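What follows is one structure encoded as structure tokens, with my remarks underneath.
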Amino acid sequence: MSRIQTVRKSGPAIERRSIDFVPARERHGKPSGQFTLWFGANMQITAIVTGALAVIFGAPAFWGILGLLIGNLLGGAVMALHAAQGPKLGMPQMISSRAQFGVFGAVIPLVLVIIMYLGFAATGAVLAGQAVDQIIHTGNTTVGVLIFGALTVLVATLGYKYIHILGRISTVVGIIGFTYLAIQLVLKYDVGAVLGVGGFAFPTFLLAISLSAGWQLTYGPYVADYSRYLPANTPAKKTFLACMSGSVLGAQWSMTLGALFAAIPMAAGKAFIDNQVAFVGELAGGGLIAILMYIVIVVGKLTINTLNAYGGYMTILTSVSAFTRQLRFAPWVRFAYVIGFIGVSVIIALAASADFIHNFKNFVLVLLMVFIPWSSINLVDFYFSSKEKLDIPALYDPKARYGGWNVPALLTYALGIVIQIPFLAQSMYTGPITPLIGGADISWIVGLVVTAAVYYPVAKRFNHPPKDMIYPADEEVGPDPALAAAETAAK
């Protein structure tokens, strides 16, 4: 294979693109890479904790696991619809939100996305820091969090290619490690008794669905970031299935383990609740095997935290570029933004670790409330209103087709958030309708349906999508620097 072919197939060693459009000559990869990335990203300790929450907050293991599966399937389908936009658009997910909200208006959900990234990066750093500390035995979780933060900066700075390599590693490591944990669980505890069908309660069953659906739906704002380099002619169905199957299978496997960990006999279940990472090491058998399991935890958390850092810096750049009009940023800029982002997440992690379980449950459910209406608007617009046709240059110009502010869309987004409030069931607030339906939190379902129903006629009335996809003017002209260098070297 020539060097030119190598450049086309795998892209540059260190990513050059940021929030700008990826031209056809730089597209590479296959949908199967989406499966390993999202499978590996979900084979991790925080997903285990999410599964445990379903049982900790009242669901019997059997009904909790079933509810988690339903939520993963529902949320995974929505997440994968966002992923399928990547090859078609060739740019980060949140840039496309400008088609719905306007160049400046999109900054509003962008700020909320940045908060989401920080929250997940921080909560992930808490558990990964504990695992690193178990490996190096410093007795200080702060050191573990700092080491983990440095590893995240390294991979996120290298960019897209290395993120996908890490996803493949995490898939293999996760399958081996989590299979071993499952075997140990069956050998040491009566899992059959734990899975005995207990009393069904609709509120706790729906909470399990909400937890896993929220887990999947929060990938929506950045899942297309990791499919945007695929060739534009990649079938949307293949991208959809690869992302959904990888994310659902990985998350369900992890969450099922978490539900079982929380449901096993009282002493062991309490040990997991009190210290999730140490419990995994003890279940593995201690000693060298435990250290290997801690490495599995670190690799899984490194994969998802890198996605958070990478998506976080691009979301920040997207917000900044709305006002500066700058499209391209040098690699050192990515490095600086990633360091700043991880620095803030580390500070949050060190401050929030004392009450991790309680804080994480509230964090996931609040995010679900915020991102359901964004997801609904983005998908309705892309698939039904714009019919997969966007004016890409206009996304970077507030004076072009999409304007600076799309007030009708922003009002619909606000309505989508407000309409959920009466249906909330959280420790900080319980809506007035919630007790009437047995305490079940159905706010996310209401938000999804109402937002879609309201936005579709709004989009038909106020949006004016192009008849065909409009790509940047230089898409078909001008030499690609990477290919030009390869051609020169080949001569």
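Points worth noting:
- Helices (runs of 4 or more DSSP H) fully within region 234-297 counting 2 or more residues that are buried (at least 24 other Cβ atoms within 10 Å of the Cβ): 236-263, 276-284
- Checked against the criterion of being modelled with pLDDT of 70 or more and surrounded by fewer than 21 Cβ atoms within 10 Å (Cβ to Cβ), the candidates I342, I347 yield just one match: I347.
- Selection status of G167, assigned to a helix (DSSP H, G or I), at pLDDT below 95 and more than 30 Å from A440 (Cα to Cα): yes
- Residue in region 416-431 that is of a type in the set (S, T, N, Q), in a helix (DSSP H, G or I) and within 25 Å of I115 (Cβ to Cβ) present: no
- The condition of being in contact (Cβ under 8 Å) with a residue 60 or more places away in the chain and over 21 Å from K88 (Cβ atoms) holds for only one of L241, L185, that being L185.
- Test: residue in region 28-39 that is closer than 25 Å to S227 by Cα, touching an Asp or Glu at 6+ places or on another chain (Cβ under 7 Å) and part of a helix (DSSP H, G or I): no
- Selection count where residues are of a type in the set (K, R) and buried (at least 21 other Cβ atoms within 10 Å of the Cβ), scope region 13-42: 1
- From the list L379, L411, the lone residue that is in a helix (DSSP H, G or I) and without any contact (Cβ under 8 Å) to a residue 60 or more places away in the chain is L411.
- Qualifying residue in region 373-387 (condition: more than 28 Å from S210 (Cα to Cα) and surrounded by fewer than 18 Cβ atoms within 10 Å (Cβ to Cβ)): yes
- Against the test of being crowded, with 17+ Cβ neighbours inside 10 Å, modelled with pLDDT under 90 and not hydroxyl-bearing (S, T, Y), the options L448, L483, L395, L424 yield a single qualifying residue, L424.
- Taking the criterion of being under 20 Å from N378 (Cα atoms) and either assigned to a helix (DSSP H, G or I) or without any contact (Cβ under 8 Å) to a residue 40 or more places away in the chain (or both), the residues of region 195-233 that qualify are A213, G214, W215, Q216, L217, V223, A224, D225, Y226.
- Yes/no for G90 being in contact with a Lys or Arg (Cβ under 7 Å, 6 or more places away or on another chain), of a type in the set (G, A, S), closer than 18 Å to L307 by Cβ and modelled with pLDDT under 95: no
- The residues listed here are S227, S210; of these, the one that is among the polar types (S, T, N, Q) and at pLDDT below 90 is S210.
- Cβ-Cβ distances below 6 Å connect the following pairs, each with a first residue in region 435-457 that is part of a loop (DSSP other than H, G, I, E, B) and among the acidic types (D, E), a second residue that is surrounded by 15 or more Cβ atoms within 10 Å (Cβ to Cβ) and modelled with pLDDT of 80 or more, and a separation of six or more residues or different chains: D441/S210.
- Any hit, region 264-278, residues being of a type in the set (F, W, Y) and modelled with pLDDT of 85 or more: no
- Options A47, A59: the member that is at pLDDT 90 or above, closer than 26 Å to G214 by Cβ and out of contact with any His (no Cβ under 8 Å at 6 or more places or on another chain): A47
- The residue that is modelled with the highest pLDDT, among those in region 6-44 that are hydrophobic (A, V, I, L, M, F, W, C) and over 23 Å from the mean Cα position of the chain (by Cα), is A24.
- The residue list A322, A330, A271 contains one member that is under 30 Å from G58 (Cβ atoms) and over 19 Å from the mean Cα position of the chain (by Cα), which is A271.
The values are calculated or read from the model by the stated rules, or taken from the named source; none is laboratory data. Computed from a predicted structure; not experimentally measured. Glycine gets a Cβ as well: all are built from the backbone with ideal geometry, and neighbour counts include every protein chain shown.
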